[in-house]
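For reference, the structure discussed in these notes is given below.
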Amino acid sequence: MTTAGKVIVCKAAVAWEPNKPVKIEEIEVAPPQADEVRIKIVATAVCHSDLYYLLESMNKDGFPTVLGHEAAGIVESVGEGVTEFQPGDKVIPVFLPQCGECRFCKSPKTNQCETAWTLIRRDLMVSVQSRLSCNGKRLHQFAGTSTFSEYTVVHQTALAKIDPTAPLDKVCLIGCGISTGYGAAVNTAKVEPERIIAVDINADKFEKAKVFGATDFVNPKDHNKPINQVLADMTNGGVDYSIECTGKVEVMRSALESCVGSWGVSVIVGWTDLYDVAFRSSQLVTGRTWKGSLFGGFKGKHGVPGMVKAYQDKKLKLDEFITHKMTLDQVNDAIDLMKQCKCIRTVLTVCQE
């Protein structure tokens, strides 16, 4: 029986309030309206941005919500005016929309979209509109996606069509983490082949880091001087490129200071809007460059299919990132694993293809 044009009752993980476990609920997902697409989510991963929203920023005005933004699924139905997608298409939602028409979308200088922030409340990181509700109460749609749900509705500008042969339980990672990290290095920093030093206070990550090319591992806890001095000693004055991925302002400054003063490039990837980051102007005027990178500099609708192809061509690692596989019912366990730094990525099976 077709579900197009009808409300779908399905299962979702609802965060009713900040800093509390999410709860599996039956929710109602309304049909897509003009320029919208309703998707059956097949697989979704837990990203630290979900934890940040739930456990760190904790803006009460952003609750209740359905978290999740790193996912892959299948188009169930489309709203009026949607011609790019049709039922059955395999897709990846993207939290950074791409309208393709504004001056930002047409510029090679940025992956931002002027109209994107008309769809998302930047202060809360939720959609202006939401087709999700539970017991008559509207649920916020996190990052315009809300993929901790069997079904969700996204704007067509926030969706990328991918190869129909792609394994959704793997390529879901391209919806955020992989594209963000890879792109920050390749697109934003424009790194060159060289020594790669992984810095982390969790020594258990060293072996995994080597799988992805790290040549050295440094644990700041093993040293009695600042990490920037440790790296300067290792590299004759500082690294050429540093990429910060924690969202901690003190780490952002350390990453900047770790760069060689004359030409080093430091890229901020981690997200936070809770604190200001401080630095001295002398740390930049000598020649360092400080950059930010959102979604790795990729224009979502165009960049995501290319990353999927790179994985299929064995030029991009994805499987090695997945340390745990669970179901949507186990989402709180997956959140705890990431909170305790006991995983790289947990992929949740949501629906069968």
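For the reader, a short list of remarks on this structure follows.
- Hey, residue 171 surrounded by 21 or more Cβ atoms within 10 Å (Cβ to Cβ), over 17 Å from the mean Cα position of the chain (by Cα) and modelled with pLDDT of 95 or more or not: no
- When residue 247 is tested against the conditions (1) over 20 Å from the mean Cα position of the chain (by Cα); (2) modelled with pLDDT under 95, the lone failure is (1).
- Scanning the range 239-295 for residues being polar (S, T, N, Q), touching a residue at least 60 places away in the same chain (Cβ under 8 Å) and farther than 17 Å from residue 189 by Cα gives a total of 1.
- Positions within the range 31-59 being over 22 Å from the mean Cα position of the chain (by Cα) and either at pLDDT below 95 or within 19 Å of residue 71 (Cβ to Cβ) (or both), in sequence order: 32
- Against the conditions (1) part of a loop (DSSP other than H, G, I, E, B); (2) touching a residue at least 12 places away in the same chain (Cβ under 8 Å); (3) within 20 Å of residue 143 (Cα to Cα), residue 75 satisfies every one except (1).
- Within the range 51-91, being within 14 Å of residue 144 (Cβ to Cβ) and charged (D, E, K, R) holds for one residue alone: 70.
- Of everything in the range 236-253 that is out of contact with any strand residue (DSSP E or B) (no Cβ under 8 Å at 6 or more places or on another chain) and either within 17 Å of residue 192 (Cβ to Cβ) or not β-branched (Val, Ile, Thr) (or both), the residue that is surrounded by the fewest Cβ atoms within 10 Å (Cβ to Cβ) is 236.
- Residue satisfying all of: in the range 276-299; over 24 Å from residue 182 (Cα atoms) and charged (D, E, K, R); surrounded by the fewest Cβ atoms within 10 Å (Cβ to Cβ) among these: 276
Conditions tested, residue by residue: (1) in contact (Cβ under 8 Å) with a residue 24 or more places away in the chain; (2) farther than 18 Å from residue 140 by Cβ; (3) of a type in the set (Phe, Trp, Tyr).
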{"position": "8", "(1), (2), (3)": "yes, yes, no"}
{"position": "23", "(1), (2), (3)": "no, no, no"}
{"position": "61", "(1), (2), (3)": "yes, no, no"}
{"position": "65", "(1), (2), (3)": "yes, no, no"}
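- Evaluating residue 282 against the criteria (1) at pLDDT below 95; (2) of a type outside the set (A, V, I, L, M); (3) in contact with an Asp or Glu (Cβ under 9 Å, 6 or more places away or on another chain) leaves one unmet condition, (3).
- Checked against the criterion of being buried (at least 24 other Cβ atoms within 10 Å of the Cβ) and either over 17 Å from the mean Cα position of the chain (by Cα) or aromatic (Phe, Trp, Tyr) (or both), the range 82-94 contains not a single residue that satisfies it.
- Looking across the range 111-139, just one residue is in contact with a helix residue (DSSP H, G or I) (Cβ under 8 Å, 6 or more places away or on another chain), among the β-branched types (Val, Ile, Thr) and either modelled with pLDDT of 90 or more or not in a loop (DSSP other than H, G, I, E, B) (or both), and that is 126.
- Residue that is assigned by TED's automatic domain parsing to the domain that holds residue 124 and over 19 Å from residue 111 (Cβ atoms), where the choices are 153, 218, 230: 153
The values are calculated or read from the model by the stated rules, or taken from the named source; none is laboratory data. Computed from a prediction, not measured in an experiment: that's the story for all the values here. Using ideal geometry, Cβ is built from the backbone for each residue, glycine included, and neighbour counts are taken over all protein chains shown.
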